[in-house]
Amino acid sequence: MTPAKYDVLGIGNAIFDVLVQTDEGFLIRHGMTKGGMSLIDEERAAAIYREMGTATEMSGGSAANTIVGIASLGARAAYVGKVKDDQIGRLYAHDIRAAGVTFETRAAADGPATGCSYILVTGDGERTMNTYLGAAQELTPADIDADQISASAILYLEGYLWDPKSAKEAFVKAATIAHKAGRQVALTLSDSFCVDRYRDEFLELMRSGTVDLVFANEAELHSLYQTADFDTALKQLRGDIGLGVVTRSEKGCVVAAKDGVTAVPAFPIERLVDTTGAGDLFAAGFLFGLSRGAGHENAGRLGALAAAEVIQHIGARPQVSLKELAQQNGLPV
């Protein structure tokens, strides 16, 4: 196998985040399901934006947040996602490159605007997302560079990509290329509502070997196997995939491999502000540890540390160097 140019390459929906702290009344008035992600059209996006009040705006997208976290830990990272050649799209491209990530996907010259997610953060730190995919759903197999995929030790795919048909085709093409090059393919299930929509297809991706590693939180795991019993779901997960990682909020995470299960505690925090990006940054730490051969426990600890950093402030990307933070806490980087 040729040496990798990138430690991790992520493919996802390139989404600009618009975040505001609000109360549960706002969610009720707008018919939102707390803690979930709903796909919305441009008209609803405009209506939500009008009533949100003063917001914090920044580049986001689940896999993009993960890849930025990986770069912050000191790894070689690349990202594939579609924006439009508009003001927000240019800002998005600037931000991800400024974070040290290689981003070469050609922007769309026409069609829908760059995607945006309108994120409502309630007092308990829970985030509720309303996502207008926009140009993100224009990602196609033509945007997949075979040489770039082959040169990446780990390919990381976002479950949200399974919504747009052309992005789904790009997802499968990339996974096929990665495996032909002897690389690993990881998938995050993204959202329990996403799992509800595509349960059978996600299970097929796992059982067929299209993906080698799956990230899920407890809600996604329970949705995947349609059981409220954690141990039952975990046993099924171990039977379906070589490596599964399940995050459990303040209970930490469980790394489920064929040869055993490793539980890793959560990292202590001073104050929960915003859970946006918690799973994304956990995946960043874990994948970084995996790329460095740090072992499942240390990879889980790196994930817990990265998640703890991001939930203590507004927004889904780290505000400090995760590499320095890991060093300060005695973790391998």
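For the reader, a short list of remarks on this structure follows.
- Rounded, prolate or oblate (a/c below 1.5 giving rounded, otherwise prolate when a/b exceeds b/c) for the stretch 62-208 by Cα gyration tensor: rounded
- Around the Cα centre of the chain, unit charges on the Cβ atoms of Lys, Arg, Asp and Glu (plus for the first two, minus for the last two) sum to a dipole of about 780 debye.
- Of (1) 27; (2) 12; (3) 9, the label for percent of Cα pairs over 37 Å apart derived from the coordinates: (3)
- Of S62, S321, S117, the one that fluctuates the most in a GNM where the chain has Cα springs shorter than 10 Å: S321
- Calculated mean residue ellipticity at 222 nm for the chain: -12000 deg cm²/dmol, from DSSP H runs with n ≥ 4 weighted as -39500 (n - 2.57), summed, divided by the residue count and rounded to 500.
- For A64, net neighbour charge (Lys/Arg +1, Asp/Glu -1) across residues whose Cβ lies under 11 Å away: -3
- Average projection area in nm² (convex hull over Cα atoms of the stretch 1-144, one quarter of hull surface): 9.8
- Between Q319, Q21, Q184, the residue with the greatest mean-square fluctuation in the GNM of the chain (Cα pairs under 10 Å linked by springs) is Q319.
- On the chain, 48 percent of the accessible area sits on carbon and sulfur atoms, based on a 1.4 Å probe.
- Computed over neighbours whose Cβ is under 10 Å from that of I177, the net charge equals +1, Lys and Arg +1, Asp and Glu -1.
- Compared with the direct C-alpha span, the chain from D145 to R90 gains 17.7 nm at full extension, assuming 0.36 nm per residue.
- Tensor-based shape of the stretch 211-333 (alpha-carbon gyration tensor, a/c under 1.5 rounded, otherwise prolate or oblate): oblate
- Within the chain, antiparallel bridges make up roughly 35 percent of the DSSP beta bridges whose residues both belong there.
- Cα gyration tensor category, rounded, prolate or oblate, for the stretch 1-75 with a/c compared to 1.5: prolate
- Modelled FRET efficiency - R0 35 Å, T262 with D124, Cβ distances, 0.05 increments: 0.75
- Other residues within the sphere of radius under 13 Å centred on the Cβ of A98, judged by their own Cβ, net out at +2 (K and R +1, D and E -1).
The values are calculated or read from the model by the stated rules, or taken from the named source; none is laboratory data. None of these values were measured; they are calculated from a predicted model. Every residue, glycine among them, receives a Cβ derived from its backbone with ideal geometry; neighbour counts consider all protein chains shown. We work out accessible area using only protein heavy atoms, side chains counted, and drop any ligands, DNA or RNA first. Shrake-Rupley method; radii C 1.70, N 1.55, O 1.52, S 1.80 Å.
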